[in-house]
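Okay, here's the structure, questions in a sec.
The values are calculated or read from the model by the stated rules, or taken from the named source; none is laboratory data. Quantities reported herein were computed from a predicted structural model and do not represent experimental measurements. Reconstructed Cβ throughout: ideal geometry from the backbone, glycine too, with neighbour counts over all protein chains shown. Ligands, DNA and RNA are stripped out before the accessible areas are found, and what is left, the full protein with its side chains, is counted by its heavy atoms. Shrake-Rupley method; radii C 1.70, N 1.55, O 1.52, S 1.80 Å.
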Amino acid sequence: MKKVRMIAQGRVQGVGFRWGVYTLATEIGGITGRVWNNEDGTVEILAQAENPTLMAKFIQEIRKGPTPFSKVSYLDVTMANFESYSDFKIAN
């Protein structure tokens, strides 16, 4: 299982970014985790996948910006260790 923590910077709040991440995860399939806004204007994503190819595609699409109005200027991706999720949700 590959688990990553992503911090997205740029125009990522107020543009449907979290919904776009959720939609992307469900469209790709095999991606579970959580996405939420941070107080500093970034968006944090915890994602996991059994298939590394699916995870690579997910990360690539996040870098592009999952919605038309979002613009990711920087995406920090690190390996992570967190509780496993059975679904993908937008967290508060």
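Averaging over every viewing direction, what projected area does the convex hull of the Cα atoms of the stretch 1-61 cover, in nm²?
Seen from a random direction, the Cα hull of the stretch 1-61 projects 3.7 nm² on average.
With n ≥ 4 as the cut-off for DSSP H runs, can you work out [θ] at 222 nm for the chain, using -39500 (n - 2.57) per run divided by the number of residues, rounded to the nearest 500?
On the way: 2 runs with 25 residues, N = 92.
That comes out to -8500 deg cm²/dmol.
So for the pair residue 91, residue 71, with labels modelled 7 Å out along Cα→Cβ, what separation do we get in nm?
For residue 91 paired with residue 71, the spin-label model returns 2.9 nm.
Could you pull out the longest piece of the chain with no exposed loop chymotrypsin sites (Phe, Trp or Tyr not before Pro) in it, calling a site exposed if DSSP puts it outside H, G, I, E, B and it has at most 15 other Cβ atoms within 10 Å? Intermediate values should be presented prior to the final figure.
On the way: sites that count: 69, 82, 85.
It runs 1-68.
Helix 17-28 versus the longest principal axis of the chain: what is the Cα-based angle in degrees, 0 to 90, to the nearest 10?
Around 30 degrees separate the two axes.
Further question: Keeping the other protein chains in place, figure out the carbon and sulfur percent of the accessible area of the chain, with a 1.4 Å probe. Walk me through the numbers on the way to the answer.
On the way: 2490 of 5190 Å².
Answer for the chain is 48 percent, counting heavy atoms of protein chains only.
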